[in-house]
Amino acid sequence: MENRDKIIVNSLLCASIEGTEAKLVEVEGSLTKGLPNFSVVGLASSDIQEAKERAKNALQASGHELPPLKITINLSPSDIKKSGTHFDLSIAILVALGEMQIEHKKLFVFGELGLDGRVKSSSLIFPLILSLKEQGFIKRAIVPKDAIKSLKFIQGVEFFGVENLNEAIEILQAKELPKVEIPKTNYSAKELKIAGKNYYYLENYEEDFADILGQETAVRAALISAAGMHNLLLNGNPGSGKSMIAKRIRYILPPLSQEEILAIARHQFLDNQEPNFAPLRPFRSPHHTATSAAIFGGGSHSAKIGEVALASNGVLFFDELPHFASKTLEALREPMQDGVVNIARVNSKISYSADFLFIGAMNPCPCGNLLSKSKECRCTDLEIKRYKNRLSDPFLDRIELFVTMQEVDFNKANIAASKELHQKVITAFKAQKMRGQAKLNGQLHEREIEQYCILTPEAKEVLEQAIVRFGLSYRSIANIKKVSRTIADLAGSEEIGKKELLEALSFRRRES
């Protein structure tokens, strides 16, 4: 009677993704006497339910007979929705081993199975393991061999690469784990060491500021924007070079830490892209017809990543800014200020990192010719007012640099090449990091502004006069201090003087 009721239970560790965060999952296998059946329980999605068929074929192809028992796979905890084909390998192993002893139960197991028993990678494995590492859960993992080329960038975790189901079973049954050769991580980039921490950057300028003729003020604003990650709005006639400048800023942005490179790669994997782990910040430019869900992420059942999160640590560029839906622009205020986007659904509430540099471009009027010296504006005063009123004051308050573009003059020379501008950005970056700043100037909060944005007595007097004269809000004052701090860093000055403050004031928003 006891033998008839005997329950065989084994378990392995895996994880499921919720937004960008991994949730620990214990995969339990129970084999009991009864009518042959194979079931998966624990809020498993359809792709996990399909794992039963993949596991059956993979087991047979690998020389393992499916036992004539009642097989139950439980994904614990049972109140969390699980999804992903990476559960295939752990499910098949638990069925294959049955009552045999698993020697290394603290090993995480990830992998999708082919019908012939091959272990394949999936786009979720990298973000899962990175999140588990950040939470301190994972030390060792069995993974598909072809995933090692990406996973090697996650330091502090031992990876056992396997090509098929039997190799994974051998590792779990071995008395001692095989020795793992830790592959070298090479970012193929320039390396910068500041206060014991490494930062990386490329000197590859596919789109160069050398192509920009004239536009001294706009190029200067682009340099300040890049050096401190300050939000920028370019206003000018069609063809004046707004988009050209926006696209070139990406290549002169500050160096990236290893954590930032991995965070960018995580978002790329979640968007089904193949990262190259190059220290080049992302550039995202959604069309003004894009839906709110496409920009911020969303979905009816589970939240998917959107353009705002994909632009994190890089540039989010909105061309033809006033043509974006007002609902979209107002929703953008929170991530522009806090660097986070929150998505609430019935089944989940998720937060994504969204620490991006926002760049907007717009025409001065609907026809675009208001500032032109050679073309006549066809818009009425009412049409111009309506066009400008599409951008609310609270939204514009979160932009630090405002530039009115000049008309193109082909007789003017270029101001500077990207390499020269990039070196200035790196100089300012060093100054910010040497002060002990965790964030760049444009991302500083109130207390940090008071700590790092020190004004000389003369500069304080100028700022007080500007507050009275222009009726500056608290946010506008903070923006001016942050911009002037970056200008001082570019000049190699420890304090913010009158000259730096006056230049910052010249880039403030003017009431129209």
Matching residues in region 469-494 - criterion: being part of a loop (DSSP other than H, G, I, E, B), of a type outside the set (Gly, Ala, Ser) and surrounded by 14 or more Cβ atoms within 10 Å (Cβ to Cβ): Leu472
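Among the residues of region 122-180 satisfying the criterion of being among the small types (Gly, Ala, Ser) and part of a helix (DSSP H, G or I), which is farthest from the chain's Cα centre (by Cα)?
If we filter region 122-180 for residues that are among the small types (Gly, Ala, Ser), which is where we start, we get 122-123, 131, 136, 141, 147, 150, 156, 161, 168, 174.
The next check asks that each one be part of a helix (DSSP H, G or I); those that pass are 131, 147, 150, 168.
Details: Ser131: 13, Ala147: 20, Ser150: 17, Ala168: 32 Å.
Taking the candidates together, the pick is Ala168.
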Test for Gly306: is it more than 30 Å from Ile426 (Cβ to Cβ), crowded, with 23+ Cβ neighbours inside 10 Å, assigned by TED's automatic domain parsing to the domain that holds Leu421 and not hydrophobic (A, V, I, L, M, F, W, C): yes
Matching residues in region 376-403 - criterion: being in a loop (DSSP other than H, G, I, E, B), among the basic types (Lys, Arg) and surrounded by 13 or more Cβ atoms within 10 Å (Cβ to Cβ): Arg390, Arg398
For Gln406, which of the numbered conditions (1) among the polar types (S, T, N, Q); (2) part of a loop (DSSP other than H, G, I, E, B); (3) touching a Leu at 6+ places or on another chain (Cβ under 6 Å) fails to hold? (3)
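Might you check whether a residue that is within 20 Å of Asp355 (Cα to Cα) and either assigned by TED's automatic domain parsing to the domain that holds Gln337 or small (Gly, Ala, Ser) (or both) occurs anywhere in region 477-491? If you could, list the steps in order and put the result at the bottom.
Of region 477-491, the ones within 20 Å of Asp355 (Cα to Cα) are 478-483, 485-486.
Then keep just the ones that are either assigned by TED's automatic domain parsing to the domain that holds Gln337 or small (Gly, Ala, Ser) (or both); that gives 478.
Within region 477-491, one or more residues are within 20 Å of Asp355 (Cα to Cα) and either assigned by TED's automatic domain parsing to the domain that holds Gln337 or small (Gly, Ala, Ser) (or both).
Report whether or not His230 is in a loop (DSSP other than H, G, I, E, B) and within 23 Å of Pro335 (Cα to Cα).
Working: in a loop (DSSP other than H, G, I, E, B): yes; within 23 Å of Pro335 (Cα to Cα): yes.
The answer is yes for His230.
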Scanning region 72-117 for residues that are surrounded by fewer than 19 Cβ atoms within 10 Å (Cβ to Cβ) and closer than 24 Å to Asp146 by Cα, the one farthest from the chain's Cα centre (by Cα) turns out to be Asp116
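Could you list, in sequence order, the residues of region 408-448 that are of a type in the set (D, E, K, R) and over 22 Å from Glu503 (Cα atoms)?
Taking region 408-448 as the starting set, the residues that turn out to be of a type in the set (D, E, K, R) are 409, 412, 419-420, 424, 430, 433, 435, 439, 446-448.
Once the filter is applied, which keeps residues that are of a type in the set (D, E, K, R) and over 22 Å from Glu503 (Cα atoms), region 408-448 yields Asp409, Lys412, Lys419, Lys433, Arg435, Lys439, Arg447.
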Taking region 279-304 and the residues there that are aliphatic (A, V, I, L, M) and within 24 Å of Lys81 (Cβ to Cβ), the one that is modelled with the highest pLDDT would be Ala294
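The values are calculated or read from the model by the stated rules, or taken from the named source; none is laboratory data. All values derive from a computational prediction rather than experimental measurement. No Cβ is skipped: glycine too gets one built from the backbone with ideal geometry, and neighbour counts run over all protein chains shown.
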